[in-house]
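S.K.: Below you will find the structure I want to go over with you.
Each value in this text was obtained by applying a stated rule to the coordinates, not by laboratory testing. Please read these numbers as outputs of a predicted model, since none were measured by experiment. Every residue, glycine as well, gets a Cβ built from its backbone with ideal geometry; the counts of neighbours run over all protein chains shown.
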Amino acid sequence: MPSKKPPSAPAKPLRLLSANIQAGSSTRAYREYVTRSWSHVLPNGKRLNLDSLAALAEPYDVVGLQESDPGSLRSGFTNQADYLAERGSFPFWSHQPNRRISRIAGSGNALLSRLQPTEMLDYALPGRIAGRGVLMARFGKGAQAWDLAITHLSLGAKSRMLQLGFLAELLSDSPRLVLMGDFNCDFDAPEMRALYRETVLAPPGERICTFPSWSPQRCLDHVLVGGMDVLNYQAVPAAGSDHMAVAVDLALPR
């Protein structure tokens, strides 16, 4: 009698994290936006926060960052994505600088990954004020390929409408897709409808609030998934940032 082939072990879930890191600053109350306003132009105290963020990111396979400083006065002229990749032992990383205020401050999206991307792209987003973008990565090949997009949308609803329309068109052909970031709106806001209509992305199965981190009341940060099963979805503290991070476990496509 031929021996039966033992069943294959289930694939290890893919662990993703999305975090607005506030350029390494620490804010634990509304009053600190005033009392700690110096942290938006000076590097003091950010190294400890970055070390805590690196420890947070280390267990994850892929991490998307928003408000990551590419190297300015407020970061001690340190590229924060580079620093976090090294401290968290991520072999692959990329950064999309979107906004720079002279040499005082800079901000952008970033990717830290233990998986090697097969393609990297970045785009500027439309809006009344320039300085927003989307960083894209493709992982795998053929039927197993999946796409990741990292973004940080505008504060104004009209600009978000333009940006989400752009993203809906850009991502419309991807059968397996993750879009993560700080959306500055709830996942069921009216401007989000085009995204769900034109892409495989679906709203999260549960509402988790992420802002402000010390007493979350607004649901601004999301990881939207299409074409893959979500196994876990939760908010986790992101060192001293004023936003909670969002952690997601996904079943890898077979």
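S.K.: Under a 10 Å cutoff between Cα atoms, tell me which one of Tyr83, Tyr30, Tyr60 has the largest fluctuation in the Gaussian network model of the chain.
M.R.: Tyr30
S.K.: Under a crude label model (7 Å from the Cα following the beta-carbon direction), how far is Leu48 from Ala194 in nanometres?
M.R.: Label at Leu48, label at Ala194, 4.5 nm between them.
S.K.: Could you tell me how many degrees, from 0 to 90 and to the nearest 10, lie between the Cα long axis of helix 157-170 and the main elongation axis, the longest principal axis, of the Cα atoms of the chain?
M.R.: Taking Cα atoms only, the helix is inclined about 30 degrees.
S.K.: Under unit Cβ charges (Lys, Arg +1; Asp, Glu -1), what dipole magnitude, rounded to 20 debye, does the range 123-218 have relative to its Cα centre?
M.R.: I would put it at about 140 debye.
S.K.: If you don't mind, another one. Provide the net charge surrounding Gly156, with neighbours chosen by a C-beta distance below 13 Å and charges set as Lys +1, Arg +1, Asp -1, Glu -1. Display every interim value, and only then the final one.
M.R.: Numbers: positive: Arg128, Arg132, Lys158, Arg160; negative: Glu191.
Here the count lands on +3.
S.K.: State the answer as a single residue: which of His95, Ala245, Ala194 lies farthest towards the positive end of the charge dipole of the chain, with beta carbon charges of +1 for Lys and Arg and -1 for Asp and Glu, about the Cα centre.
M.R.: His95
S.K.: Let me ask something else about it. Please report, in debye to the nearest 20, how large the charge dipole of the chain is about its Cα centre when each Lys and Arg carries +1 at its beta carbon and each Asp and Glu carries -1 there.
M.R.: Dipole magnitude for the chain comes out near 160 debye.
S.K.: Which order, highest average first, do 170-183, 123-136 follow once you tally other Cβ atoms within 10 Å for each residue and take the mean per peptide?
M.R.: 170-183, 123-136
S.K.: In square nanometres, what is the average projected area of the Cα convex hull of the range 14-250?
M.R.: 11.5
S.K.: Using 7 Å Cα-to-Cβ label points, what is the Leu155/Glu58 separation (nm, one decimal)?
M.R.: Computed distance between label sites Leu155 and Glu58 equals 3.6 nm.
S.K.: Given the Cα-Cα distance of Val236 and Ala130 and 0.36 nm per residue of separation, how much length would full extension add, in nm?
M.R.: Gain on extension, Val236 to Ala130, equals 35.2 nm.
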